[in-house]
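To keep things clear, I will list the structure first and then write my remarks on it.
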Amino acid sequence: MKLKGFGTSDTARGLTLIAPPALFALLLLAVPLVAIFAFSFWSQDFLTIDYTPTLKNYREALSEPLYGQLILRSVLIAGAVTLTTVVLAFPIAYFVSFHVPANRKSLWIFMITIPFWTSYLIRVFLWKVILGYNGVLNSTLIGVGIIDEPLTFILYNANAVVITLAHAFAPFAILPIFVSLEKIDRSLLEASRDLGENHVMTFLRVTLPLAVPGVVAATLIVFIPTIGDYVTPRLVGGPGGLMIANMIQTQFLKLNNAPMGATLAVIAMAIVTVIALVFIFLNRRWLKARS
Amino acid sequence: MTTTPPIVSLRDVHKYYGTYHALRGIDLDIGAGEFFSLLGPSGCGKTTLLRTIAGFEDLSSGTLLLSGQDMAGVPANRRPTNMVFQSYAIFPHLSVAENVAFGLRRRSDLNRQAKAALVEDALDMVGLDGFGARAAHALSGGQRQRVALARALILKPKVLLLDEPLSALDKKLREQMQNELRRLQRHVGITFVLVTHDQEEALIMSDRIAVMFEGEIAQLADPQTLYRRPTSRQVADFIGVMNFLPASLTAGSTAASVEIAGLGRAAITPEQCPAGMPTGDCTIGIRPETMSILFDGEPAPARETSGQVHELAYYGDMTYYDIALDGVEKPVTLSMKNLVGRRVLERGETARISWDERALIAFAK
Amino acid sequence: MTGRGGWLRGYAVLYLLFLYAPIILLPIFAFNDSTIIAFPLSDFTTKWFTEIPNTPALVRSVQTSLIVAVTTAVLSTLLGICAARAGARYSFPFKTPVMGFIMLPLVLPEIIVAVSMLVVLMALDLPLGSWTVVLGHTLICTPFCIAILNSAFGNLDVSLEEAAFDLGESRWSTFRLITLPLVMPGIISALLISFTISLDEFIIAFFLTGTEPTLPVYLWGQLRFPQKIPVVMALGTILVALSVVLLTIAEIARRRGIARAGGKDTGGFL
């Protein structure tokens with residue numbers, strides 16, 4: 001039984017309210033997405049666009065090793081970033097949820113989110129300063145005497161991209177895991193202890209399975225924007241750390257080949273969608289198997 | 001009961017939510033100054049009916065008159081009704097006085113002092129004098145309920161609608177508020193329509209009660225009639241405790257009689273039996289307090305039978321016995337006052353039982 | 001329990017150090033009297049800060065960014081109010097897909113949003129400018145506003161509005177007297193967060209900006225010139241301080257809102 005509203009024409013009122021945001025999304029999201037899809041089937045003919053539908057761009061994107069390499073690298077880097085970020089974030093979320101007193105939790109969450117709200121560009125740039133040949137990390141390590149030569153594997157390559165993005169997306173991973181941990185009824189843990197399990201087994205058999213939805217959310221939230229990141233690979237990635245977004249930008253703004261850029265964007269979107277769907281599917285299966 | 005013209009009048013009211021038929025032809029008149037209760041299990045449509053009167057739900061068909069005026073198309077804010085919500089709906093950002101004064105905002109005929117005086121009076125009436133400056137979230141459950149009452153009554157509605165107003169309170173406070181609500185209603189003389197699922201609460205407070213099941217009014221009567229003469233087994237089962245025994249009805253030349261499993265043959269008057277009930281298999285209902293255990297050769301005032309104590313529950317003031325009668329599958333429940341010197345039987349003991357055929361009620365099978 | 005809490009706490013402190021490492025460096029280099037962003041440090045100076053107002057292009061980009069961010073915040077919060085209200089209170093056909101579509105930018109890489117809007121603008125031969133940036137930013141900020149406002153509207157007891165209506169108020173005055181005051185903390189949070197996102201957003205602005213770059217686009221250009229970096233550091237320091245102040249206000253507003261509704265603080269933004 002539903003009891004809601006003031007009785008009259010709830011549907012009309014709901015539609016009136018949803019219309020502005022829905023129309024906005026339609027005009028500025030649906031139309032552009034359709035357009036970019038259409039563009040990917042057209043081709044650039046010097047300064048004009050040839051509107052005859054063709055699969056030329058897709059053939060090129062899939063056969064040209066440069067594109068394939070960029071796409072593969074983007075997926076691998078985004079995967080590495082996601083894994084690193086989530087693995088590093090879980091203990092923090094667990095600590096705040098289980099070991100921080102209730103009245104201090106929002107302070108901790110606040111502290112974790114603050115760095116995230118400071119200029120992304122400047123943060124990425126500062127990682128370049130930290131990881132550089134004469135950077136903060138190298139000069140500190142040399143000063144302390146741990147190393148003699150500056151480490152070179154930490155800047156202008158994929159490692160630097162992973163470290164920087166793991167930093168940039170940390171709160172995105174911590175928050176959903178924290179929320180799912182907070183939802184766990186603490187008496188379940190006591191029940192597990194009461195039934196004879198120790199701390200470790202209680203964690204493995206109760207806490208971790210119940211935190212899975214949060215981990216899945218964190219994985220998606222980190223993976224999706226990471227695969228399309230532009231700034232970090234450009235600033236700290238060097239030639240070996242460039243990703244698909246950099247190529248899309250190059251096609252659009254440097255080579256003036258919008259159709260090719262559109263094709264790469266569509267491919268990137270397709271990859272994101274497929275991976276997201278696989279994850280959601282696995283999560284469903286997991287939840288179903290447990291219920 | 002309703003000699004004065006009705007304040008609330010519903011005729012063949014139906015309400016659908018999609019395909020769900022929430023109200024199925026409600027006909028109801030509520031008189032001026034009545035304390036009226038809508039009683040039923042959750043999902044029976046009682047809250048929907050109340051919200052229909054308030055104007056929060058449209059009728060799918062039928063008519064609703066409030067003091068003779070058709071309410072079709074009249075929104076809740078124009079109706080002469082006010083509501084006390086189940087959650088009390090005390091505005092958390094306003095003080096107690098601001099909450100109570102809320103409905104007076106549009107009364108341009110009153111100046112500030114007059115409004116303040118009315119608020120004073122209303123708070124005084126519900127026993128909250130001096131609470132006006134309190135923040136709303138600093139109130140206890142009982143105080144919130146009083147604020148909700150004052151806020152609604154200050155507008156002097158023709159009908160005050162109360163949606164399970166006592167369900168959030170603990171037992172002691174609930175009993176106290178039942179008395180207070182009843183007293184308040186007599187004092188202000190406004191018609192109260194109360195929705196509740198608590199049959200005891202309805203019996204204590206109401207002038208009349210409509211028992212609802214599945215969107216229909218199953219019985220409409222005053223508390224005593226409802227308890228003593230329920231017209232259906234469902235109503236009898238919902239109000240208080242009743243034992244049901246299989247029986248067989250035979251119509252005699254002058255009076256009807258029933259053959260009851262475990263009790264034997266008994267005469268039955270038309271009053272105890274719904275009109276036009278067919279002869280043959282039926283069900284006989286008998287309330288626990290109309291039967292008693294006979295101690296130490298005490299003679300039976302009316303009829304007598306015997307059985308074995310199957311289970312017992314000691315309540316302090318009362319003891320409830322489940323007695324297994326010969327030829328009856330389910331033990332019957334009876335209650336005894338724990339008077340001075342009266343002993344409590346033990347399980348397995350054989351008990352002599354007194355019963356009275358005037359207490360029987362027949363239901364169709 | 002305390003043993004495990006012990007090493008977890010140690011890890012948490014290290015992790016916070018990792019999170020704050022770049023931000024700690026920011027003021028250090030902002031006050032360092034050298035154009036080389038590396039240790040060892042030179043003398044203390046405030047000249048990079050005084051240089052900010054004397055760089056007209058920088059000042060203009062700050063102005064552009066502020067205008068874009070304020071407009072974006074207002075627009076996306078308004079759209080967010082509509083969507084969150086509709087989602088929390090009403091049912092209508094295709095509710096789930098429509099709401100899902102509006103939230104879609106949350107799970108779309110920003111570069112996709114940027115290039116697809118660029119494609120349409122190019123096709124329609126429309127000029128790029130601050131307004132195109134505002135549109136793009138509003139698109140990505142609206143889902144955040146909806147997420148924040150959903151909980152504000154969702155926590156609102158429907159019977160409070162019904163009570164006001166029952167006591168004689170109209171639909172509009174009910175909204176003004178009851179709904180608006182009670183969701184105001186959520187609205188303030190939504191405004192501040194969309195403002196902050198817009199102020200910091202680079203990639204959409206990079207693609208859609210016209211002749212007047214926003215601050216991040218301007219900074220992007222400056223990062224190539226080493227002699228300009230210290231000024232960027234100084235500006236970054238100011239931005240960090242500003243963000244902390246804004247976020248603190250947002251957090252206080254959120255806590256007030258919870259306290260006002262009589263609820264319990266369960267912690268956290270978003």
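Tabulated data
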{"item": "Dipole of segment C:46-260, positive direction: furthest Cα of C:Leu235, C:Ile197, C:Cys82, with charges on the beta-carbon", "result": "C:Leu235"}
{"item": "Buried accessible area, chains A and B (both chains, 1.4 Å probe, Å² to nearest 100)", "result": "700"}
{"item": "Size of electric dipole in segment A:32-290: Cβ of Lys, Arg +1 and of Asp, Glu -1, about Cα centre, debye, nearest 20", "result": "520"}
{"item": "Rounded to the nearest 20 debye, dipole of segment B:86-155 from Cβ charges on Lys, Arg, Asp, Glu", "result": "260"}
{"item": "Cut-off 16 Å (backbone N to label point 7 Å along Cα→Cβ of C:Phe18), residues of segment A:207-221", "result": "A:219"}
{"item": "Relative contact order (%) - criterion: Cα under 8 Å, at least six apart; region: segment A:50-164", "result": "22"}
{"item": "DSSP beta bridges in the protein assembly as shown [antiparallel fraction, %, rounded to 5]", "result": "80"}
{"item": "Difference of contour (0.36 nm per residue) and Cα-Cα distance, B:Arg134 to B:Asp281", "result": "46.6 nm"}
{"item": "Lys, Arg +1 and Asp, Glu -1 on Cβ, resulting dipole of segment B:97-234 about Cα centre, debye, nearest 20", "result": "320"}
{"item": "Between A and C, accessible area buried - total, square angstrom, nearest 100, 1.4 angstrom probe", "result": "8000"}
{"item": "Sites B:Phe295 and B:Ala168 - FRET efficiency at Förster radius 35 Å, r taken between beta-carbons, to 0.05", "result": "0.20"}
{"item": "Chymotrypsin sites (Phe, Trp or Tyr not before Pro), loop per DSSP, at most 16 other Cβ atoms within 10 Å - longest free stretch of chain A", "result": "A:154-291"}
{"item": "A:Asp194 paired with A:Thr11, simple spin-label distance in nm, labels 7 Å along Cα-to-beta-carbon", "result": "4.9"}
{"item": "In the C-B interface, the accessible area buried, summed over both sides, Å² (probe 1.4 Å)", "result": "2000"}
{"item": "Segment B:6-235 - percent of accessible surface contributed by carbon and sulfur, probe 1.4 Å", "result": "47"}
{"item": "Solvent-accessible area per residue, Å², over the protein assembly as shown with all protein chains present [probe radius 1.4 Å]", "result": "45"}
{"item": "Potential extension, A:Met111-A:Phe153 segment - 0.36 nm per residue separation minus Cα distance", "result": "12.1 nm"}
{"item": "Hypothetical label at C:Phe175: residues of segment C:39-78 whose amide nitrogen lies under 18 Å (7 Å Cα-Cβ projection)", "result": "C:74-78"}
{"item": "Share of carbon and sulfur in the accessible heavy-atom surface of segment C:46-260 [1.4 Å probe, %]", "result": "71"}
{"item": "Highest-MSF residue in chain B out of B:Ile323, B:Ile217, B:Ile239 [GNM, Cα springs under 10 Å]", "result": "B:Ile323"}
{"item": "Chain B, relative contact order in percent, only Cα pairs under 8 angstrom and at least six apart counted", "result": "15"}
{"item": "Label-to-label distance, nm, for residues given as C:Thr50 and B:Asn179 (7 Å Cα→Cβ offset)", "result": "8.2"}
{"item": "With every protein chain in place, segment B:241-364: carbon and sulfur % of accessible area (1.4 Å)", "result": "51"}
{"item": "Computed over segment A:32-290: relative contact order in percent, which uses C-alpha pairs under 8 Å that are six or more apart", "result": "28"}
{"item": "Among B:Asp109, B:Asp222, B:Asp70, residue whose mean-square fluctuation peaks in a GNM of chain B (springs only between Cα atoms under 10 Å)", "result": "B:Asp109"}
{"item": "Residue of A:Ile114, A:Ile154, A:Ile177 that the Gaussian network model of chain A assigns the largest fluctuation, springs spanning Cα pairs under 10 Å", "result": "A:Ile114"}
{"item": "Inter-label distance, nm, simple model (7 Å from Cα along the C-beta direction), C:Met184/B:Gln308", "result": "7.4"}
{"item": "Dmax and Rg, reported as Rg then Dmax, of segment B:241-364 (C-alpha, Å)", "result": "15.1, 48"}
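The values are calculated or read from the model by the stated rules, or taken from the named source; none is laboratory data. The structure displayed is predicted, hence computed values, not measured ones. We place every Cβ from the backbone using ideal geometry, glycine too, and count neighbours over all the protein chains shown. For accessibility, only protein heavy atoms count, side chains too; no ligands or nucleic acids. Shrake-Rupley method; radii C 1.70, N 1.55, O 1.52, S 1.80 Å.
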